[in-house]
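Following: one structure in structure tokens, then a few remarks.
The values are calculated or read from the model by the stated rules, or taken from the named source; none is laboratory data. All values reported here derive from a predicted model rather than from experimental measurement. Cβ atoms come from the backbone with ideal geometry, glycine included; neighbour counts cover every protein chain shown.
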Amino acid sequence: MSVLETIDVIVVGTGNAASCAALAASEAGAAVLMVDAASEDDRGGNTSYAGGQMRVAFEGVDDLTKVIADLTDEEIRNTDFGTYTASDFFEDMARVTQYRCHSELVEYVIGQSLDTLVWLRGKGVRFEAAFGRQASKVNGRMTFWGGLPCIVWGGGAGLIDALHARAAKEGIRTLYDTPAVGLLRDASRITGVSVLHKGELKEIRAKAVVLACGGFEANAEMRTRYLGPNWDLAKVRGTRFNTGAGLRMALDAGARSYGHWSCAHSSCWELNAPEYGDPVVKGAYQKHSYPFGVMVNADGNRFVDEGADFQTLTYARFGREVLAQPGLFAWQVFDQRAIPLLRETYRIRQLTKVQAPTLEELSHRMEGVNPAGFMKTMEDFNRAAPDDDAPYVASIKDGLATRGLTLPKSNWARPVDRGPFEAYAVTAGITFTFGGVKITTAAEVEDDGGTPIPGLFTAGEMVGGLFYHNYPSGTGLTCGAVLGRTAGRSAASFVHGL
Ligand SMILES: Cc1cc2nc3c(=O)[nH]c(=O)nc-3n(C[C@H](O)[C@H](O)[C@H](O)COP(=O)(O)OP(=O)(O)OC[C@H]3O[C@@H](n4cnc5c(N)ncnc54)[C@H](O)[C@@H]3O)c2cc1C
């Protein structure tokens, strides 16, 4: 195999984790090269599809002004940004992962979250306050909730543009259309990667390797093998290039498999969306306003507690619930109390939507749904829901719950009885997989015995041990940035130590 390049640090991938690793390694004095299986047009992996929300621990607005440059005095005066302490963040991670997440790694990520967002800002990433998404009026004042006031300007694509502009400025080159296919090693350490470049197998020799090339969400065979039946039929919300190649390479090199391999982040996604993410529509296929309505399956039955928790803490497991229903689809049903409050993603053209003046008529328009089953569900639900006129407020768990239903709706329960009605068809969209490899808090990849494999680092979706069962929104980019930056620093320091 001929040698294509020789470099200090090779970074596999060009998404958030990879870009942060490349910039941090370069900052620490290493010569860095990035490779991506994708073309330049498709660079940035899932990060390019992301909404750009980044969960961060902060003590108050003074911390946020270190990240968000454009907050005006008036906004600061008229807004309650609240706090989201490190222990709030940890409690959310622990609770949604059913207390399984790796506490040392999670504490490390949370402890570094604010500093890393400030570092990103220093690299040219612009943040804004997520007023439109994460704040609502409470007692006349805009009030943030849920630890998500920071969003990248331009979303994930804006993040990638900013990081790549900075990388280019720092002389970091990228080879596109160049998938990594294996790790090179000698007796003592990892010595580079083999890649396919212009149809030929080549070596890129490096003193350290950072794998940041995603999970296996875009690989139908691996989805079925690890997640189970019907996952081959899920829609992929993002890039087609995250096929598990990095995980396979790491495992082949002796990395310890770690985390929740039989689970993934997946959410309610437009039924007729394309097989992979659409670079124009992006996240607008997602349908996350279900707390203000009900979801029914082909039998016309509800199958989840739509108001179990804040949407940011339930959406990542509801795709799985939809996939478990007959026909792998569901309809989300809303009445006039909810329709004006539906998110902008319910206003795009690429929708499977029906409308009707009455529930009876709606029941015949929702394709695949048993009308009698649906009518029985709605009668039972509407009887059990408190007839309260309080408006829906996403930022407050209002405690208005159904009474007497076997499957309750625990918050935001109101009768769905004010026509005309709307219903939206959804299936499961997979975002990323939870299984990965075990790393130290220095992003070194561990072998089965717990010893770091010399010269091998990883970050982003490839890291195991962060997410089990579920995921708090905005955490993927934060984990990727913190551990990507750490991986880059550790790789550079490893190179300097050789
Ligand atoms: C629609 C959508 C919305 C989202 N919104 C948010 C959000 O608002 N906030 C949030 O925190 N998270 C969000 N996420 C999740 C977030 O995007 C991911 O957690 C994060 O981007 C993963 O970053 P990464 O660097 O690990 O992987 P990616 O960004 O996916 O990068 C992986 C890279 O590896 C490359 N690659 C794959 N295989 C190879 C190979 N063999 N050789 C070379 N290169 C390879 C890919 O082409 C890609 O460049 C969203 C995801 C989606 C799909």
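Numbers for the structure displayed
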| read-out | value |
| --- | --- |
| Among the candidates R189, R166, R256, R205, residue that is of a type outside the set (A, V, I, L, M), away from the ligand (no atom under 15 Å from the Cβ) and within 30 Å of E128 (Cα to Cα) | R166 |
| Check on G44, under 22 Å from A165 (Cβ atoms), touching an Asp or Glu at 6+ places or on another chain (Cβ under 9 Å) and within 16 Å of the ligand (Cβ to nearest atom) | yes |
| Residue check for A212: under 14 Å from S39 (Cα atoms), touching a residue at least 60 places away in the same chain (Cβ under 8 Å) and within 14 Å of the ligand (Cβ to nearest atom) | no |
| Cβ pairs under 6 Å, 6+ apart, first in the stretch 409-433 and under 18 Å from W331 (Cβ atoms) and aromatic (F, W, Y), second assigned to a loop (DSSP other than H, G, I, E, B) and within 16 Å of the ligand (Cβ to nearest atom) | Y424/K287 |
| Residue check for A50: among the small types (G, A, S), at negative phi and out of contact with any helix residue (DSSP H, G or I) (no Cβ under 7 Å at 6 or more places or on another chain) | no |
| Qualifying positions in the stretch 432-489 - within 29 Å of A31 (Cβ to Cβ) and in a loop (DSSP other than H, G, I, E, B) | K438, T440, T441, A442, A443, T451, A459 |
| Enumeration of residues in the stretch 95-140 that are touching a strand residue (DSSP E or B) at 6+ places or on another chain (Cβ under 9 Å), of a type in the set (F, W, Y) and in a helix (DSSP H, G or I) | F131 |
| First in the stretch 233-255 and closer than 15 Å to F434 by Cα, second anywhere and more than 9 Å from the ligand (Cβ to nearest atom) and modelled with pLDDT under 95, Cβ under 9 Å, 6 or more apart | none |
| Failed criterion for G82 (all others in (1) outside any helix (DSSP H, G or I); (2) within 13 Å of the ligand (Cβ to nearest atom); (3) not basic (K, R) hold) | (2) |
| Residues of the stretch 389-434 satisfying the condition of being among the hydroxyl-bearing types (S, T, Y) and modelled with pLDDT under 95 | Y392, S395 |
| Some residue of the stretch 63-70 being over 26 Å from N16 (Cα atoms) and either within 11 Å of the ligand (Cβ to nearest atom) or β-branched (V, I, T) (or both) | no |
| Which listed residue is β-branched (V, I, T), more than 13 Å from the ligand (Cβ to nearest atom) and farther than 28 Å from G464 by Cα, from V280, V296 | V296 |
| Meets criteria (in contact (Cβ under 8 Å) with a residue 40 or more places away in the chain, more than 11 Å from the ligand (Cβ to nearest atom), under 23 Å from N242 (Cα atoms) and surrounded by 24 or more Cβ atoms within 10 Å (Cβ to Cβ)) for G464 | yes |
| Matching residues, the stretch 136-156, being among the small types (G, A, S) and surrounded by fewer than 23 Cβ atoms within 10 Å (Cβ to Cβ) | S136, G140, G154, G155 |
| Test: S113 is at pLDDT 95 or above, touching a Ser or Thr at 6+ places or on another chain (Cβ under 6 Å) and among the hydroxyl-bearing types (S, T, Y) | yes |
| Criterion violated by M54 - all others in (1) over 22 Å from R133 (Cβ atoms); (2) of a type in the set (A, V, I, L, M, F, W, C); (3) within 8 Å of the ligand (Cβ to nearest atom) satisfied | (1) |
| Those residues of the stretch 3-29 which are more than 11 Å from the ligand (Cβ to nearest atom) and either surrounded by fewer than 24 Cβ atoms within 10 Å (Cβ to Cβ) or β-branched (V, I, T) (or both), in sequence order | V3, L4, E5, T6, I7, D8, V9, S26, E27, A28, G29 |
